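A short write-up of the structure that comes next.
The values are calculated or read from the model by the stated rules, or taken from the named source; none is laboratory data. A quick note: this is a predicted structure, and the numbers were derived from the prediction, not measured. Note: ideal-geometry Cβ built from the backbone for every residue, glycine included; neighbour counts use all protein chains shown. Protein only, heavy atoms only, side chains kept; ligands, DNA and RNA dropped before computing areas. Shrake-Rupley method; radii C 1.70, N 1.55, O 1.52, S 1.80 Å.
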Amino acid sequence: MADQIARRRSVLDGWALPSRAGLASLTNAGTAARFVYRGAPELVGDAFGVSLPTVPLRAHAQSGRAALWLGPDEWLLLSAEADGSTLAVALSSALNGKPAALVDISHRQVGLIVSGSSVEALLNAGCSLDLDMTTFPVGMCTRTLLAKAEIVLWRTAGDTFRIEVARSFAPYIVALLDEAMHGIA
Amino acid sequence: MAGLHRTNGGGRVDRTKRLSFTFDGKAYEGFAGDKLASALLANGVHLVGRSYKYHRPRGILSAGAEEPNALVTVDRGRGRTAPNLRATQVELYDGLVAESQNRWPSLAYDFGAVNSLFSPLLAAGFYYKTFMGPRLLGSNWAWHKIYEPLIRRAAGLGKAPSLPDPDRYANRFAHCDVLVIGAGPAGLAAALAAAEAGARVILCDEQAELGGSLLSEWSVEIDGVPASSWVDEAVRTLAASSRVTLLPRTQAFGYFAQNFVALAERLTDHLGNPDPAAPRERLWQVRAKEVVLATGAIERPIVFPDNDRPGIMLADAARTYVNRYGVRPGLRAVVIAACDSGYAAALDLHRAGTAVAMVIDPRANGDSGLAGSVRAAGIEVQIGATVTATRGSQRVSAVQIGRAGTEGRASTGEWVPCDHVVMAGGWTPSVHLFSQSRGKLAWSDDAQAFLPSAIAPGQAQRSAGACRGVFGVAAALDDGFAAGRAAVGREPLGRTFKVTHDITDFRGIAGSHGAGARGSKAFVDFQHDVTVRDLKLAAQEGFRAIEHVKRYTTTGMATDQGKTSNINALAIVADHLGKPIPEVGLTTFRQPYTPVTFGTIAGASRGDLFDPVRRTPCDAWAQAQGAMFEDVGAWKRAHYFPQAGEDMHTAVARECRTVRSAVGMFDASTLGKIEVVGPDAAEFLERLYINSFQKLGVGRCRYGVLLNEAGFIIDDGVIGRIAADRFHVTTTTGGAARVLHMMEDYAQTEFPDLKVWLTSTTEQWAVIAVQGPRARDVLAPLVDGVDIGATDFPHMSVKAGRICGVDARIFRVSFTGELGFEINVPADFGADVWEAVWREVQKHGGCAYGTESMHVLRAEKGFIIVGQETDGTVTPDDVGLGWATGKGKRDFVGMRSLSRPDMVRSGRKQLVGLLTADPKRVLEEGSQVVEGLRPPAGTPALGHVTSAYWSEALGRSIALALVADGRTRIGTRLNVPMPDGDVAVDVVTPVFLDPKGERLNG
Amino acid sequence: MLLITCPYCCTARPESEFRYSGEAHIARPLEPATVSDDDWAAFLYMRTNPKGLHAERWRHIHGCGRFFNALRNTVTDQILKTYPAGTPRPGLGAPAEGGR
Ligand SMILES: [Zn+2]
């Protein structure tokens, strides 16, 4: 019988996340439960508690849960880590026998919060999208590139974005944003 | 400070802030706001460089980015040496250290100037002829030992620093409604108009101060205030808007499709003591809805004999030095004015206290509106005259005046002493960026210039002001304002600026005014030392198109890309050929407009940030153990784990021995993983892989082989059925992204009828392989709720269970031929589970092994590695995997191709094993396999060695190879020719160990 | 860098988010086994490679992940229209040429 219990270790453990006073800061979004849902959005019903956006590039968030449109049949579902197993059961039973795919990817990627008055300039060091509030408003999300790594970028507030990045690319993203901190004013 | 060359007041330098600097080791002083060029001129220094080919003394020709002569190296300390900077652009700071270039031993006494004596040898086409036909100069020996080194030493501009660049470079992607390039009158007015409408505006200018030509005006007033004050007010207005980004010191250097423009911003080079952490430069990658090009115009030199002596300068530059920097370049000037800017320069110099000896207008009917004012100032004006010769060794000392005759020849006349010659040959609109944007240019007889004509499709832009031939302050302001309004969709007319003391005639003349007496040189391209004679020689030798003349003479091919010389060169060639200019053509304008540092283009992409480096959850442990790593794609994988005193060979031998005799653990986390889910998941895999999946039971695994549509193996991996509608597909490490892309392609476009969805789970799982006879003993104490016994958990099966308290997918699979498991745990648990397994492995005398041992162990079993045994031309049958093909399948990707004639012919290369006659000899991977001994050169090979290792288990070397008709050659002897002689090899089946698989079924 | 309008995201994105995937409207035969060697070879390898308008496949690989088709002028490198995979090649309506 197993007498040693493994602990969860984030790839960001031990990283000093960079910030520049008054301009921008990077923080760890912390562990989370994550699922990729693929299929027709209506099949999920109320099981997630937050409706899946059908407008492209939009996220719905409420009470600690969020559904991010990644593609016409693909959503990223985010929730608190503690919530993960109950949510998995609820979603699986709602989707039982239905033509859809639910995959737990809680450990596949990590979340980073980037915020500050110069957050757009910071991200635009590596992200070629127009991040102006008129073209990338609060609630918009997209998969895109940050320099040489793929990320999901989600604007959660005027001066705050959440980055979701695959585990092994997280150190690169942190180092890149650390470098980019020197280039903002 | 020596007052001789400073005006008494005025200008935009701060006379209260003195800055010291050195040039070629000598100390000087300047003012804040000076450029290196203006500060040198203020100190009476005109000789600043030696020319490229003839090493002639050269001075400062211009006051801007077009400068061909005054190239300097600025040394900011270790690794921070920047060569080929234009002294006209280098901002002065306290402590600046600048050096001249292209001279030895010193600027004043340059040894290379003897090149001038050999100048007939260096005429047009010298380099061309030399490089194209070295035998012209004698034997190849002489070429390599004498001529090439000589030419290389003599040529070249500046020296590249040898140390790594210690600076930091930033990048910024930006978007705007209107990008205005150039902040002269047209650009400022355009930005004001666009900003007024609330648009997002970026205004960039190469100079430290916005204002462009307005900064060089003395008497012009705009809307009742001096031009200089009007600029300050305009900049204040723009800066006050949060929607406007002002970018001084920012050169737009590249204009690409769909209004994508690259800008280089200089951030710290103008500072004496910059923050070492701050970026030196920033690359802006701007996507603009509209672009307003307000890039102005560049004044042309006048082509007369020996027109390159220090002290000879463009009129616009002279006005800039006097009016903007408060510097008198000379004490006694001769002005050659083919347009108004020459007359204006005469007036400005006169007002600033320079004696203007004479204004010469080479136009036969030269008639400037300013001639009257010049005469009124007591300055002699000669119409229809030109300069026929100049004197002065390191500085012009006199010019000879002659009457302009027919065909540019001039009769000789009186010598006029002077230390400063000012030339106004007319203005060339700066259409470089317009042309880069693929816009079409058209020759305008009226402007005597190429002007923007048709805008390229996909670009949304307009040109305004002098760059489209609209000259003069008032016209440029009005034109710019209208362009700014139009760019934001407003009706173009808006505002008329009231301007006084404006000048309007900028057309001038182009071409040659006489090649001069024998021994003199009339320069066209100053930086590449191209003369009138060179151009005529090229035309005589049969070059008709300007692109050919350019390559033959190298005119316009220097770092300045001929900004001051192209139109003169064109006019001279056209004149010589008796053709109109547009028929001779125009050379292409290329990015970058001015040289851009490598650092700016590289940005953060260097060192650790050059590319993402991917590490697994178990990586820290491996590092702590002292593992050696190898790159596999972007991943770092533990290659082997050397213990004290071990080299790679001994470490790998020990690791292999330990796995076969006890147990080893291996980090397989980088394997690609795709979760294939949906009611049609099995059917989907059935259509993609060569294997059958419909009947694969839940909890069972299959080794899948994936082909491309052409029938060739592109990937492989174990596929486990987790549930009726859910498969856990593994791919090779390098193939993960490619396979997912291919699967998406088929799911979306070829088989949209199937209800199946794909999700990458590569990084969701940490994968720990435990392999060896003791593998089960290692796992037993760690797992929970799962029976891993041989009966209940046979080879090629998968179970969900718990290990170290966390949910896991446990595979019973083997890539070593031993009893083996691959434990998949959620990645964040990977490090802890790895350590727990490690503790158990140690109890059983086991070890951790790396990718090298993994390769050896699988080769002993004849397992292929995609990309090593396959190269994109290999079918399943070629590598003995025909057995994997699902029985009775009607179709899968690549199946139809397998029956094409070439795929079933005899003679295909097949996978075999090779055993060297000398068991100690390990073959080299990639070496060729042939039939006979000592094959003559050109003998076709039968195949090649794909893998070769020392096998500890067999106590000898082993190899895998692809050999034509290999399976029929089993039992025969072939040869592998090597530099030290043929290596005899026996062809055997590719499974070297345990062909019955008794070990892995244990 | 080109801008490409993804018909699923309904927005223009930089070329770097996309991957080119060859000529469009080449359907995989439904019954490959019945296809002759020559026809199969043509399916595998023969492409039109036109000078001018070319219907081609792209994937918004670093975006929504969808494959779609585009009409691109191979002379000017302009993408004149994008449309979902599986829909027929469209004609070029009014506002295709020119700047904006
Ligand atoms: Zn998309």
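Just a few scattered comments:
- Condition check for A:Gly97: more than 7 Å from chain B (Cβ to nearest Cβ), among the small types (Gly, Ala, Ser) and without any contact (Cβ under 8 Å) to a residue 12 or more places away in the chain: yes
- Number of positions in region C:1-12 that are part of a loop (DSSP other than H, G, I, E, B), more than 10 Å from chain B (Cβ to nearest Cβ) and touching a residue at least 40 places away in the same chain (Cβ under 8 Å): 3
- A count restricted to region A:1-27 and to residues that are part of a strand (DSSP E or B) and either more than 21 Å from A:Phe161 (Cα to Cα) or open to solvent by 70 Å² or more (accessible area, probe 1.4 Å) (or both) stands at 2.
- Considering B:Ala142, B:Ala108, B:Ala170, B:Ala154, the condition of being modelled with pLDDT of 65 or more and more than 14 Å from chain A (Cβ to nearest Cβ) is satisfied by B:Ala108 alone.
- Residue within region B:675-685 that is touching a Ser or Thr at 6+ places or on another chain (Cβ under 8 Å) and within 25 Å of B:Thr870 (Cα to Cα) present: no
- Of the set (1) part of a loop (DSSP other than H, G, I, E, B); (2) surrounded by 12 or more Cβ atoms within 10 Å (Cβ to Cβ); (3) at pLDDT 95 or above, all apply to C:Pro90 but (3).
- Subset tally (residues that are within 25 Å of B:Ser760 (Cα to Cα) and either assigned to a strand (DSSP E or B) or away from the ligand (no atom under 13 Å from the Cβ) (or both)) for region C:62-86: 5
- Within region B:828-857, if we keep just the residues that are under 15 Å from B:Asp619 (Cβ atoms) and open to solvent by 40 Å² or more (accessible area, probe 1.4 Å), the residue that is farthest from the other protein chains (Cβ to nearest Cβ) turns out to be B:Trp838.
- For region B:769-783, the condition of being surrounded by fewer than 19 Cβ atoms within 10 Å (Cβ to Cβ), within 14 Å of chain A (Cβ to nearest Cβ) and not polar (S, T, N, Q) holds for at least one residue.
- Single unsatisfied condition, B:Gly888 versus (1) modelled with pLDDT of 95 or more; (2) away from chain A (no Cβ under 14 Å); (3) more than 20 Å from B:Gly772 (Cα to Cα): (1)
- Number of the condition not met by C:Ala55 [criteria: (1) touching a Lys or Arg at 6+ places or on another chain (Cβ under 8 Å); (2) open to solvent by 20 Å² or more (accessible area, probe 1.4 Å); (3) away from the ligand (no atom under 16 Å from the Cβ)]: (2)
- Residue check for B:Thr320: assigned to a helix (DSSP H, G or I) and of a type in the set (S, T, N, Q): yes
- Number of the exception - C:Arg72 against (1) crowded, with 19+ Cβ neighbours inside 10 Å; (2) among the charged types (D, E, K, R); (3) within 30 Å of B:Ala486 (Cβ to Cβ); (4) within 7 Å of another protein chain (Cβ to nearest Cβ): (4)
- Hey, A:Gly111 buried (at least 20 other Cβ atoms within 10 Å of the Cβ) and more than 14 Å from chain B (Cβ to nearest Cβ) or not: no
- Scanning region B:227-256 for residues that are open to solvent by less than 40 Å² (accessible area, probe 1.4 Å), polar (S, T, N, Q) and free of Cβ contacts under 8 Å to residues at least 24 places away in the same chain yields no hits at all.
- Scope region C:51-69; condition within 14 Å of chain A (Cβ to nearest Cβ) and of a type in the set (A, V, I, L, M, F, W, C); matching residues: C:Ile61, C:Cys64, C:Phe67, C:Phe68
- Which numbered condition A:Leu123 fails, given (1) open to solvent by 20 Å² or more (accessible area, probe 1.4 Å); (2) within 11 Å of chain B (Cβ to nearest Cβ): (1)
- None of C:Glu23, C:Glu15 is more than 12 Å from the chain's Cα centre (by Cα) and either within 13 Å of chain B (Cβ to nearest Cβ) or over 16 Å from A:Gly71 (Cβ atoms) (or both) except C:Glu15.
- Residues within region B:1-48 that are in a strand (DSSP E or B) and of a type in the set (A, V, I, L, M), tallied: 3
- Listed by position, the strands (runs of 3 or more DSSP E) inside region B:795-884 whose residues that are touching a residue at least 24 places away in the same chain (Cβ under 8 Å) and in contact with a helix residue (DSSP H, G or I) (Cβ under 6 Å, 6 or more places away or on another chain) number at least 3 are B:820-826.
- Boolean, B:Val987 is under 30 Å from B:Gly820 (Cα atoms) and open to solvent by 40 Å² or more (accessible area, probe 1.4 Å): no
- The set of residues from region B:897-906 being within 46 Å of the chain's Cα centre (by Cα) and in contact (Cβ under 8 Å) with a residue 24 or more places away in the chain comprises B:Ser897, B:Leu898, B:Arg900, B:Met903.
- When residues in region A:126-158 are screened for being more than 14 Å from chain B (Cβ to nearest Cβ) and under 23 Å from A:Asp73 (Cα atoms), 9 of them pass.
- Filtering B:Gln527, B:Gln561 for residues that are open to solvent by 10 Å² or more (accessible area, probe 1.4 Å), in contact (Cβ under 8 Å) with a residue 12 or more places away in the chain and assigned to a loop (DSSP other than H, G, I, E, B) leaves a single hit, B:Gln561.
- Residue ranges of strands (runs of 3 or more DSSP E) in region B:692-760 with at least 1 members away from chain A (no Cβ under 12 Å) and buried (at least 22 other Cβ atoms within 10 Å of the Cβ): B:701-707, B:713-723, B:726-731
- Residue list for region C:1-24, restricted to those being away from the ligand (no atom under 16 Å from the Cβ) and surrounded by 13 or more Cβ atoms within 10 Å (Cβ to Cβ): C:Met1, C:Glu23, C:Ala24
- Going through (1) buried (at least 16 other Cβ atoms within 10 Å of the Cβ); (2) closer than 26 Å to B:Phe21 by Cβ; (3) out of contact with any Gly (no Cβ under 7 Å at 6 or more places or on another chain) one by one, B:Arg282 falls short only on (3).
- Of the residues B:Arg606, B:Arg590, the single one that is more than 12 Å from chain A (Cβ to nearest Cβ), within 23 Å of the chain's Cα centre (by Cα) and among the basic types (Lys, Arg) is B:Arg590.
- Residue match in region C:31-50 (condition: more than 9 Å from every other protein chain (Cβ to nearest Cβ), surrounded by 13 or more Cβ atoms within 10 Å (Cβ to Cβ) and either within 12 Å of the ligand (Cβ to nearest atom) or basic (Lys, Arg) (or both)): no
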